[in-house]
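Read through the structure below, which is laid out as structure tokens, and then see the notes.
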Amino acid sequence: HADGKSSDKAIHQARLRHFCRICGNHFKSDGHNRRYPVHGPVDAKTQSLFRKKEKRVTSWPDLIARVFRIDVKSDVDSIHPTEFCHNCWSIMHRKFGSAHSQVYCPRNVTVEWHPHTPSCDICFTAHRGLKRKRHQPNVQLSKKLKTVLNHARRDRRKRTQARVSSKEVMKKISNCSKIHLSTKLLAVDFPAHFVKSISCQICEHILADPVETTCKHLFCRICILRCLKVMGSYCPSCRYPCFPTDLESPVKSFLSILNSLMVKCPAQECNEEVSLEKYNHHVSSHKESKETLVHINKGGRPRQHLLSLTRRAQKHRLRELKIQVKEFADKEEGGDVKSVCLTLFLLALRARNEHRQADELEAIMQGRGSGLQPAVCLAI
């Protein structure tokens with residue numbers, strides 16, 4: 001008889017593993033098939049999610065006590081389940097979603113677990129010869145708990161819809177289809193997860209001049225800067241605080257892989273495949289390259305302000321402009337490059353309403369600048 005009781009308790013304890021400690025639902029009815037332990041330290045994923053919300057949690061018992069007002073430290077394995085479901089985890093996440101959230105489950109609406117008895121609702125042991133019925137615990141959830149679970153599901157759907165709509169808005173903000181290459185130009189049919197890893201998470205084009213945020217997401221530099229200016233100072237992927245000064249260049253090994261990717265030339269009647277690093281040089285050889293083909297910045301280093309560069313670096317960056325100015329000067333001004341550059345500078349000063357400096361520069365251009373004060377000449 002004692003052996004029969006102990007076997008019934010063992011069956012009861014085994015069946016407890018299939019129910020949520022907090023809401024009492026069967027794990028099959030959860031739909032996510034994800035479980036979380038009642039005891040022990042919080043997993044790394046949950047810690048990172050709460051850290052982004054500036055909340056610090058270390059152990060599951062403390063977190064359950066704060067959200068559901070349940071003390072699980074005194075649980076007994078033969079009476080209480082040792083895991084809880086993903087729906088209850090979602091309530092925890094929603095609880096810390098904002099500083100003013102009032103989502104919680106009071107103690108009197110959660111499940112009361114009792115020791116095994118001959119009329120145990122969980123085991124539902126049948127009497128002589130009757131088959132055991134498939135049964136879930138006879139627990140009537142309160143209307144308030146059901147309302148909380150429904151709100152959690154509804155909020156999850158709304159967040160998914162908002163994420164999709166905001167992504168479309170960010171694509172319109174970046175507006176980079178004419179300056180960034182589509183992933184359809186990749187010469188190799190890579191797996192979807194690899195293509196995603198070398199794509200901007202805003203425009204979904206191949207990364208151009210890639211930058212990495214503090215939360216380790218990758219974007220094209222121009223795309224993230226435009227979104228930060230319009231949408232606010234947070235990461236478009238996870239909404240972690242992000243500022244332009246936080247952007248860094250990815251590791252060199254990643255850039256090396258990115259630049260070695262083979263892409264198809266988009267020019268008509270050109271079937272060549274070139275590496276991303278040599279793409280600009282290749283498309284510049286086509287006559288229609290300036291009007292129709294995309295010239296990309298291959299990236300690799302953060303863009304510094306022109307005046308902060310060395311003289312040699314300034315010449316390198318302005319090489320294309322220098323060639324264009326020289327061509328214009330040879331065609332229109334008899335090769336006088338200096339007069340063209342000074343005139344451009346004068347027009348720029350006038351456009352910015354810096355008329356005093358513009359007048360002084362114009363005097364120098366007309367040969368009347370010899371009497372200027374040294375400080376004025378130095379400023380110009």
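The values are calculated or read from the model by the stated rules, or taken from the named source; none is laboratory data. This one's a predicted model, so the numbers in the text were calculated from it and none came from an experiment. Note: areas computed on protein heavy atoms with side chains; ligands, DNA, RNA excluded. Shrake-Rupley method; radii C 1.70, N 1.55, O 1.52, S 1.80 Å.
Computed quantities for the displayed model
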read-out	value
Net lengthening on full extension, Ser166/Asp71 (0.36 nm per residue, minus Cα-Cα)	30.2 nm
Amide H within-cut-off set for Tyr240, under 5 Å, with H built and near neighbours excluded	Cys235
Exceeding the 29 Å Cα-Cα cut-off - candidates Lys252/Lys315; Lys73/Lys216; Lys178/Lys216; Lys45/Lys278; Lys196/Lys252	Lys73/Lys216; Lys45/Lys278
Sequence of Phe328, Phe194 when ordered by accessible area, the most exposed leading, probe 1.4 angstrom	Phe328, Phe194
Additional length obtainable on full extension of the chain from Gln47 to Phe190, 0.36 nm per residue less Cα span	48.2 nm
Interchain or long-range residues, amide H under 5 Å from Glu83's placed H	Arg21, Val38
Protein-only accessible surface order, largest first, of Glu354, Glu269 at 1.4 Å	Glu269, Glu354
Whole-Hz ³J(HN,Hα) from phi, Karplus 6.51 cos²θ - 1.76 cosθ + 1.60, for region 340-346, glycine and proline x	5, 5, 5, 5, 4, 5, 5
Karplus 3J(HN,Hα) series, Hz, for region 205-214 with 6.51 cos²θ - 1.76 cosθ + 1.60 (x for Gly, Pro)	8, 5, 4, 10, 6, x, 10, 10, 8, 4
Surface accessible to a 1.4 Å probe, Arg66 within the full protein complex, Å²	110
